[in-house]
Amino acid sequence: MRRKVIFVLCSLCAVLGFFTVLSVNKVLNSEWDLPSAVSSDQERQRIVLITQELDTPFWKLVGEGAANQAEREDVGFELWGSYGKNQEDFLKQVEIALHSKVDGVIVQGNDTDEFQQLARIKAASYGIPIITVANDVPVEKSLRKTYVGSDHYAAGELLVKQLVDDMGESGEIVLLGDAELEYSERLRLDGMQDSLDQFPEIRSTYIESGSSDEEAADAAQQALNEHPEVDAFILLDIRQARVIMQEISSRTELDPFYLYSFDDGSDASALLTEGKLDAIIEQSPEEMGEKSVEMMMKWLRNEVVPLDSKGYVTDIRIVEGKDELP
């Protein structure tokens, strides 16, 4: 009896051992399709363009150019920003983008301490590259990777060249701009004043036109009162153009004066068509959008490192009153 029990137990162990070995062999030789790990390189990168002037045709064109290039680069793209140069909302949008840990931020440069803090400290701490577009901020203040946009100093020089072609090498001009000029406006003013130094018979005066319509109207009155022989006006901020022109028209005819500005605002094309502006500096907003996305992707893919800190310059040209902006 005892022998029978031992025999049965041994047989049972042998059978169980056989099936165990068979099962292990099947597992080792199976070809299961295990889920592959997702590589971070395969994740779609995301960049954001932020401006404080979403309501202007100029920045809509920048956005369109950037969106088209992002599609070609197969990268996620979003256009953020504020309206009417609302700086508080604009800075909040920049901060949100950094907290969201997007892969790159393309932004309208803002030469303020608050913006510089975000660009120099927060963006750097998150490792998020910043490229300024259209409006620059000095690299030493922002640590931005590069700038894409117009050479604003050259734009100032080009506008004075047009002025001299129209008015001649003698006369009196008034330049109107805010007391606290943006970095790009300071460069334009420097380019104009350095060019005007070459024409000793042209007298120029700078008058602060403030930031409100009321201040702009007061500046126009001051210019006419203090400079009754003025021949030309150069407006650093196209957004003030209609107010200043209305104030001049309320005092005298507008036609005798030469009037010039830049294409940043929404009124540029209409004022040219109406013949109220003699000429304007036209920039290349779509090219800015395209180039800024292209350079951001080259940096993110380590194709161009470092980017040129001096920036990548886009085209500018003079458009006269008989022409029309596209």
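What helices (runs of 4 or more DSSP H), lying completely within the stretch 232-319, carry at least 2 residues that are of a type in the set (Asp, Glu) and either closer than 19 Å to ARG72 by Cβ or without any contact (Cβ under 8 Å) to a residue 60 or more places away in the chain (or both)? Before you say what the answer is, go through the steps one by one.
Details: elements: 241-251, 268-273, 285-300.
Because the criterion is at least 2 residues that are of a type in the set (Asp, Glu) and either closer than 19 Å to ARG72 by Cβ or without any contact (Cβ under 8 Å) to a residue 60 or more places away in the chain (or both), the helices (runs of 4 or more DSSP H) in the stretch 232-319 that meet it are 285-300.
Assuming ASP263 fulfils every condition listed in (1) at pLDDT 95 or above; (2) within 24 Å of ASP151 (Cα to Cα); (3) surrounded by 18 or more Cβ atoms within 10 Å (Cβ to Cβ) apart from one, which condition is it?
Only one criterion in (1) at pLDDT 95 or above; (2) within 24 Å of ASP151 (Cα to Cα); (3) surrounded by 18 or more Cβ atoms within 10 Å (Cβ to Cβ) is unmet by ASP263, namely (1).
For the stretch 169-199, which residues satisfy the criterion of being under 19 Å from ILE244 (Cβ atoms) and part of a helix (DSSP H, G or I)? Walk me through how you get there before you give the answer.
Our first condition is that a residue be under 19 Å from ILE244 (Cβ atoms); within the stretch 169-199, this holds for 171-182, 185, 188-189, 192.
Correct list: GLU185, ARG188, LEU189, MET192.
Of the numbered conditions (1) in a helix (DSSP H, G or I); (2) modelled with pLDDT under 95, ASP218 satisfies every one except a single condition; which is it?
Going through the list (1) in a helix (DSSP H, G or I); (2) modelled with pLDDT under 95, ASP218 breaks only (2).
Here's the yes/no breakdown for (1) at pLDDT 95 or above; (2) touching a Leu at 6+ places or on another chain (Cβ under 6 Å):
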residue: HIS227; (1), (2): yes, no
residue: LEU259; (1), (2): yes, yes
residue: GLY275; (1), (2): no, no
residue: GLU287; (1), (2): yes, no
residue: LEU300; (1), (2): yes, no
residue: VAL304; (1), (2): yes, no
residue: THR314; (1), (2): yes, no
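To keep it simple, each residue is scored yes or no on (1) farther than 18 Å from GLU286 by Cβ; (2) touching a helix residue (DSSP H, G or I) at 6+ places or on another chain (Cβ under 6 Å); (3) surrounded by 16 or more Cβ atoms within 10 Å (Cβ to Cβ).
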{"site": "TRP59", "(1), (2), (3)": "no, no, yes"}
{"site": "GLY65", "(1), (2), (3)": "no, yes, yes"}
{"site": "GLN87", "(1), (2), (3)": "yes, no, no"}
{"site": "GLU114", "(1), (2), (3)": "yes, yes, no"}
{"site": "PRO138", "(1), (2), (3)": "yes, no, no"}
{"site": "GLY156", "(1), (2), (3)": "yes, yes, yes"}
{"site": "ASP165", "(1), (2), (3)": "yes, no, no"}
{"site": "GLY168", "(1), (2), (3)": "yes, no, no"}
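Yes or no: the stretch 80-90 includes at least one residue that is farther than 24 Å from ALA179 by Cβ and modelled with pLDDT of 95 or more.
Yes - at least one qualifying residue is present in the stretch 80-90.
Run down TYR126, TYR153 and say which single residue is aromatic (Phe, Trp, Tyr) and within 30 Å of ILE318 (Cβ to Cβ). Before the answer, list the steps.
Values: TYR126 fails: within 30 Å of ILE318 (Cβ to Cβ).
Only one candidate qualifies: TYR153.
The values are calculated or read from the model by the stated rules, or taken from the named source; none is laboratory data. As the structure is a prediction and not an experimental result, all values here were calculated from the model. Backbone-built Cβ (ideal geometry, glycine too); neighbour counts: all protein chains shown.
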